[in-house]
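Below is one structure, written out as structure tokens; the observations come after it.
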Amino acid sequence: MIPSFGTIAAHRFGLGPRPGEPPAEDVDALMAQVQRGVAETCPFPYDGIDGRRASFAQFRTLFRANQDAKKNGTVRKVGDRTVNPYEIGLTAASLRDQHLKIRHAVESPNGFFERLASFWCGHFAISAGKSSAMRVLVGLYEAEALRPNLAGSFKQLLTAATLHPAMLIYLDQTKSVGPGSAYGVKKGLGLNENLARELIELHTLGAGSGYTQDDVRAAACVLTGLDSESWKFRMAYHQDRAEPGIHRVLGTDYGGPVRRLEDVKALLSDLAGKEATRRHICRKLVVHFIADDPPTEVVEAMVAAWSESDGNLPDVYRAMLEHPRSWEQEGQKARQPYEFVVAGLRALNVPGDALAPVRVADVQSMVAAGAETGTMAEPAQPAMAKPVAGNDMDMTGVSGAGVERNTPAAMSETGGVGLVAAPTADGRIPFRANPYSVGALSRFGQPMWKPASPAGWDENLASWITASQLTERIAWSRTLVARFGEGQDPRGLLQATLGDLARDDTIQSVARAPSREIGLAMVLASPEFNRR
């Protein structure tokens with residue numbers, strides 16, 4: 001049986017079916033998801049974009065207070081453990097952003113847009129592990145720089161991603177100073193080539209495209225002057241840090257007697273328009289969505305659409321979706337952990353409230369209750385603790401700019417936004433990762449917003465379909481169905497989730513399962529569910 005358009009669309013180009021959500025009927029329906037996704041308000045950061053920016057002043061205050069406490073010997077301790085409200089606030093904010101991202105993907109009817117967002121987050125990769133402050137910048141970066149620009153031109157997206165403070169910090173552009181600039185001469189500072197190299201090698205032309213080390217160094221000179229304002233995390237251009245003169249990159253000169261931000265934008269525009277860039281990006285899109293060995297004819301169709309539209313991304317996406325080869329040979333790609341987790345949560349129709357971070361107070365009370373009754377030798381699993389309902393938690397904060405949505409009730413009652421979570425009474429983070437979502441990603445080796453390198457996550461099927469990976473996925477599937485599979489029939493789940501993708505041996509195995517829970521878990525552990 002040949003799988004239907006809607007089935008392949010949901011699995012290959014989306015995040016899997018969700019009960020009650022109609023399947024896409026054609027390419028126009030998938031493209032409509034992109035336009036809806038760009039138009040919607042991003043649910044993270046949890047305090048909104050304005051609220052997150054308002055919180056930076058509070059984080060600065062906490063950072064300085066902790067530094068003063070270290071100098072004065074007044075750091076709070078609980079036993080032998082020191083309490084750092086600044087680090088706790090950062091971690092708490094990051095956790096809440098991560099949980100909202102997964103919940104949004106689980107509930108979104110715009111699966112193709114969410115997959116595109118994941119692709120571009122990997123292409124323009126940054127990591128929350130770079131520095132402390134990056135924990136509150138990664139979600140902001142995705143919400144500000146990437147998602148709003150996924151239906152524009154590649155030049156528009158490239159410029160937004162490159163000039164965002166999160167990218168400047170991640171690739172050390174904030175440490176790069178023109179050695180011949182006034183500031184560089186005074187301070188004895190010089191170039192950092194990280195952003196220039198990744199801009200050319202990863203973000204535009206691709207490795208082996210003919211650029212030289214001289215091009216990388218010249219590009220690094222063009223990029224000097226770019227910086228991030230301390231504690232405001234907005235892009236700034238410092239002319240006194242820009243390397244003076246003219247710099248030739250790939251045969252084109254940039255700069256002059258006075259260096260300007262326009263030099264940087266001209267470089268980005270020219271890189272976006274290169275033939276090598278078109279081929280590199282189109283090939284990566286096909287590798288991500290269709291096959292590790294991408295069909296050449298699909299790539300060529302996309303390159304042609306790029307050339308005809310001057311890099312208009314919706315035209316490039318459409319060329320991929322309209323090519324017949326894009327709908328052949330299902331199961332060529334592995335569902336990476338993020339996609340697998342979201343698809344599993346969607347398949348079982350897990351309610352959004354069950355995907356929130358888990359309050360430590362609830363876990364601790366369960367541990368105490370278990371100790372009294374002798375029924376719980378180990379700490380209670382967060383899975384059984386009460387999740388944070390909405391955004392209910394103890395907060396401390398300051399006033400800031402208004403936020404129209406995603407403002408916690410506890411925050412608005414105090415009269416301000418841009419608020420930072422306070423430590424618990426015993427000096428800990430007030431909640432922990434939900435094991436069904438954020439916690440699972442860490443166990444699967446794909447922690448959210450923490451790619452292993454600027455190249456993003458590995459796309460190869462062999463990297464994700466391994467014995468250890470499948471063992472973890474089976475364990476998670478069994479835990480998930482034990483909690484949320486009540487009343488569900490394995491054969492019904494198989495039909496609703498995989499439909500005409502299900503193979504005969506999978507259908508028979510699920511039908512013969514020794515118990516309902518095992519049958520449900522077998523659906524999520526099946527080869528068809530773990531591939532797309």
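The values are calculated or read from the model by the stated rules, or taken from the named source; none is laboratory data. On a predicted model such as this, the values are computed, not experimentally measured, just so you know. Every residue, glycine as well, gets a Cβ built from its backbone with ideal geometry; the counts of neighbours run over all protein chains shown.
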Task: Exclusive hit being out of contact with any Lys or Arg (no Cβ under 9 Å at 6 or more places or on another chain), charged (D, E, K, R) and under 24 Å from Arg60 (Cβ atoms), set Lys186, Lys232, Lys175 - done: Lys175
Task: Extreme residue, farthest from Phe59 (Cα to Cα), among residues of the stretch 240-269 that are without any contact (Cβ under 8 Å) to a residue 60 or more places away in the chain and under 33 Å from the mean Cα position of the chain (by Cα) - done: Leu250
Open item on the list: If I go through the stretch 484-509 residue by residue, how many of them are under 25 Å from Asp353 (Cβ atoms), over 26 Å from the mean Cα position of the chain (by Cα) and either surrounded by 16 or more Cβ atoms within 10 Å (Cβ to Cβ) or without any contact (Cβ under 8 Å) to a residue 12 or more places away in the chain (or both)?
Closed with: 7
Task: Checking Glu322 against (1) in contact with a Gly (Cβ under 7 Å, 6 or more places away or on another chain); (2) outside the structural domain of Ala496 (by TED's automatic domain parsing); (3) over 24 Å from Glu201 (Cα atoms), the condition it does not meet - done: (1)
Task: Scope the stretch 169-207; condition part of a helix (DSSP H, G or I) and of a type in the set (D, E, K, R); matching residues - done: Lys175, Lys186, Lys187, Arg197, Glu198, Glu201
Task: Members of the stretch 57-105 that are outside any helix (DSSP H, G or I) and either among the small types (Gly, Ala, Ser) or surrounded by 19 or more Cβ atoms within 10 Å (Cβ to Cβ) (or both) - done: Gly73, Gly79, Asn84
- [ ] Kindly indicate whether Leu480 is in contact with a strand residue (DSSP E or B) (Cβ under 6 Å, 6 or more places away or on another chain) and closer than 28 Å to Ser118 by Cα.
- [x] no
- [ ] Hey, could you check the stretch 62-78 for residues that are of a type in the set (S, T, N, Q) and within 34 Å of the chain's Cα centre (by Cα) and say which is nearest to Ala92 (Cα to Cα)?
- [x] Asn66
- [ ] Only residues that are under 18 Å from Ser468 (Cα atoms) and crowded, with 20+ Cβ neighbours inside 10 Å: list them for the stretch 440-450, please.
- [x] Ala440, Leu441, Gln446, Pro447
Open item on the list: Of the residues Ala272, Ala301, Ala276, Ala305, only one is more than 24 Å from the chain's Cα centre (by Cα) and more than 30 Å from Gly16 (Cβ to Cβ); which?
Closed with: Ala276
Task: First in the stretch 277-296 and under 23 Å from Tyr211 (Cβ atoms), second anywhere and among the basic types (Lys, Arg), Cβ under 6 Å, 6 or more apart - done: Pro294/Arg283
